[in-house]
Amino acid sequence: MRMALAISAALLVCATPAVAQGKTKSAPAGAAEAVKALEVCETFARGDVLATQSATEQGWDAYEQASESPFVKSYAGGKDLAGIGPANLFSLVETYPQGIFGYCRVDVSGPTGSKGAAVVRAIATLPRYGGDVRATDAGDFASLQGIGNTGTMLLTHWTADAFVIQLTIVTPRAAPVAGGV
């Protein structure tokens, strides 16, 4: 009898997680879109030559802009981020002898909904970033740095007026040969 009770109890315990799985809490609308927008920015700011193609495949209207120098590339784009609103993207990649400076910014004027804290938290809790998250009367803000990569710096915020992702990636390069060529 005790053995039957023990087996029944064990089966009940094992079945409980399966039942609970049906009641998972989903992220608020916009959180996944914000993370995807950050990933597009990361691709541009790293100077990936396929960044425009990758962004286009993800639904962005992305294109390279005319540049004043062969050492400077700039990009622009737009996309309606579900649960957030219409976004504008700007990216700049500057190549120097000892490094690459990559910058990308996504702006949404007048974001929809009131889920700013959850959207900022979704970005701030990515395992590749660490830093400071603050909620103020004005909105939700994060100042983050790449884990193991101090050259990656990220600011993001959500206020009543704007949702912003601002990313800078500084990538060192091998020292150039004397004489420049």
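Any read-out appearing in this document is the output of simple, stated calculations on the displayed coordinates, not a laboratory observation. All values reported here derive from a predicted model rather than from experimental measurement. Note: ideal-geometry Cβ built from the backbone for every residue, glycine included; neighbour counts use all protein chains shown.
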Quick shape check on the stretch 31-172: root eigenvalues a ≥ b ≥ c of the Cα gyration tensor, a/c under 1.5 is rounded, otherwise prolate if a/b tops b/c, else oblate, and it reads oblate
Under 5 Å from the placed amide H of Ile147, counting only residues 5+ away or on other chains, we find Tyr129, Gly130
Sequence order, the stretch 131-146: Karplus ³J(HN,Hα) from phi using 6.51 cos²θ - 1.76 cosθ + 1.60, θ = phi - 60°, Hz rounded, Gly and Pro as x, gives x, 10, 10, 9, 10, 10, 4, 7, x, 10, 9, 9, 10, 10, 9, x
Highest mean packing first, using Cβ neighbours within 10 angstrom, the peptides 59-65, 31-37 sort as 31-37, 59-65
From fewest to most C-beta neighbours within 10 Å, the residues Ile147, Ile123, Ile84 line up as Ile147, Ile123, Ile84
With +1 at each Lys and Arg Cβ and -1 at each Asp and Glu Cβ, the charge dipole magnitude of the stretch 80-181 around its Cα centre, to the nearest 20 debye, comes out at 300
Residues meeting the amide H criterion for Gly78 (H placed from the backbone, H to H distance under 5 Å, 5 or more places apart or on another chain) are Asp61, Ala62, Leu89
Quick note, the stretch 65-131: a/c under 1.5 would make it rounded; otherwise a/b > b/c is prolate and the rest oblate (a ≥ b ≥ c, C-alpha gyration tensor); here it is oblate
